[in-house]
1. Let me have the 222 nm mean residue ellipticity of the chain computed from DSSP H runs of 4+ only, each contributing -39500 (n - 2.57), with the sum over all residues rounded to the nearest 500.
2. Just to be sure I follow the definition: excluding the sites themselves, where is the longest run in the chain that has none of the trypsin sites (Lys or Arg not before Pro) in a DSSP loop with at most 15 other Cβ atoms within 10 Å?
3. Any idea what the dipole of the chain comes to, in debye rounded to 20, about its Cα centre with Lys/Arg Cβ at +1 and Asp/Glu Cβ at -1?
4. In segment 89-131, how does Rg compare with the Kirkwood Rh, expressed as the Rg/Rh ratio over alpha carbon atoms?
5. What GluC sites (Glu not before Pro) does segment 1-62 have in DSSP loop regions with at most 15 other beta carbons within 10 Å?
6. Within the set K43/K79; K17/K73; K55/K127; K43/K113; K17/K55, which residue pairs have Cα atoms separated by over 21 Å?
7. Quantify how much of the Cα-Cα distance distribution of the chain extends past 17 Å, in percent.
8. How far apart, in nm, are two points set 7 Å out from the Cα along the Cα-to-Cβ line at I4 and at L130?
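Nothing in this text is a laboratory measurement; each read-out follows from the coordinates by a stated rule. Just so you know, these numbers come straight off a predicted model, no measurement behind them. Note that we place each Cβ from the backbone using ideal geometry, even for glycine, and neighbour counts take in every protein chain shown.
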Amino acid sequence: MSTIFSKIISGELPAHKVAENEDYLAFLDISPLREGHTLVIPKNATDYIFDIEEKEYQGLWSFAKTISHAIGKAIPCAKVGVAVIGLEVAHAHIHLIPINTLQDMSFEQPKLKIDHSELAEIANRIKANLG
C-alpha cells in the first residue's frame, strides 16, 4: 500500500525528520496541534497498529519512548502526550504531542501553521536532545 508515510520513507516526499533507524522513523507533523508534535511510524507499512507483529510493535513503542524524552527536553511542556488514532493515514503511527493541559491533545482544535524553516529548527532542537 502506498501512503503519504511510505512516500516520506522512500524519500519521494520531504519531511522534518527527528530520528530514523532501519525499522522506524520519527518526523514532525506539518499540521501540528502543538510545537514539537511528532509522528512515529514503522517503516513496514501496516494500516492498523494492533496488526503489527509483536517484536516490531514493541520496537515501535521503545523508539517512541526515546523520541518522547528528547521532545520533553527540547520543548517546554508538562508531559509528552501519546495518541494513536489510525484514521487519517492508512499507515500505523503514534502521535507524540508536548502538552500542558488536556485540551492540548484535542484533535478538534485548529492546527498550528508553522513555516518550514521553523519546523526545521524544532526538529534540530529535538535531535540535539536524543541520547
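1. Calculated mean residue ellipticity at 222 nm is -10000 deg cm²/dmol.
2. Formally, the longest exposed-site-free interval is 1-110.
3. Around 440 debye, computed over the chain.
4. Rg/Rh for segment 89-131 comes to 1.01.
5. E12, E22, E53
6. Too far apart for the 21 Å limit: K43/K79; K55/K127; K43/K113; K17/K55.
7. 55
8. In this crude spin-label approximation the distance works out to 2.2 nm.
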